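Student: I am attaching a structure below and will ask some questions about it afterwards.
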Amino acid sequence: MEPHLEDVNINDVVNQTVTFLDNMARINNIKIETDLQPDLPIIAGDQAKLQQVFLNLINNAMDAIGKDGRVQVRTGSRNAHITVDVQDNGPGIPKDLQRKIFDPFFTTKQTGKGTGLGLWICFDIVRNMGGTIKLESTEGGGSTFSVALPVVPPQKK
């Protein structure tokens, strides 16, 4: 589906998403920390779809940790893009599985715990907005998913 473009404040979307997941994090003794760059430009984007991306990435990070850990969400800007990094201190993803992580129906979760569609959907949403999503992970050292979205100024109203 084509994204529905509206004025989007990425920091607001991240804060809303973190608030939504705060209770689940607290129950599992997972701290969600944010480091949000102030004064990021408002972009033309699909807020609901971006929230779906961030919700999935943060939720996956918490699933990977299980209990007693930390997820950090950072926003910034680089090369005419807004960046959002979701980093966890979970077990990391084995090197041989990393190249498959965005494939449809691929999952590292136990049977019945995931469909393998979440990251594929995230990849598709970000790509349709002209952005990129990538993974950096060290087995035993956590994972970082990095989203880069082009700074597309909102249309004049």
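The values are calculated or read from the model by the stated rules, or taken from the named source; none is laboratory data. What you see is a predicted model; the values in this text were computed from it and never measured. Using ideal geometry, Cβ is built from the backbone for each residue, glycine included, and neighbour counts are taken over all protein chains shown.
Student: Quick one: LEU57 ticks every box in (1) modelled with pLDDT of 95 or more; (2) surrounded by fewer than 17 Cβ atoms within 10 Å (Cβ to Cβ) except a single one, so which number is it?
Tutor: Result: LEU57 fails condition (2) only.
Student: Scan region 105-134 for residues that are at pLDDT 95 or above, more than 19 Å from VAL13 (Cβ to Cβ) and surrounded by 16 or more Cβ atoms within 10 Å (Cβ to Cβ) and report the count.
Tutor: Total meeting the criteria: 0.
Student: Count, please, the residues in region 38-80 that happen to be under 20 Å from LYS134 (Cα atoms) and in contact with a Gly (Cβ under 7 Å, 6 or more places away or on another chain).
Tutor: Within region 38-80, residues that are under 20 Å from LYS134 (Cα atoms) and in contact with a Gly (Cβ under 7 Å, 6 or more places away or on another chain) number 5.
Student: Okay, next question. Mind listing just one residue for me: the one in region 22-50 that is aliphatic (A, V, I, L, M), within 25 Å of ARG127 (Cα to Cα) and within 16 Å of the chain's Cα centre (by Cα) and, of those, surrounded by the most Cβ atoms within 10 Å (Cβ to Cβ)?
Tutor: LEU50
Student: Taking region 19-34 on its own, how many of its residues are in a helix (DSSP H, G or I) and either charged (D, E, K, R) or in contact (Cβ under 8 Å) with a residue 40 or more places away in the chain (or both)?
Tutor: Residues meeting the conditions: 4.
Student: If ASP35 meets every condition in (1) over 19 Å from ALA80 (Cα atoms); (2) modelled with pLDDT under 95; (3) acidic (Asp, Glu) apart from one, which number is that one?
Tutor: Among (1) over 19 Å from ALA80 (Cα atoms); (2) modelled with pLDDT under 95; (3) acidic (Asp, Glu), the lone unmet condition for ASP35 is (2).
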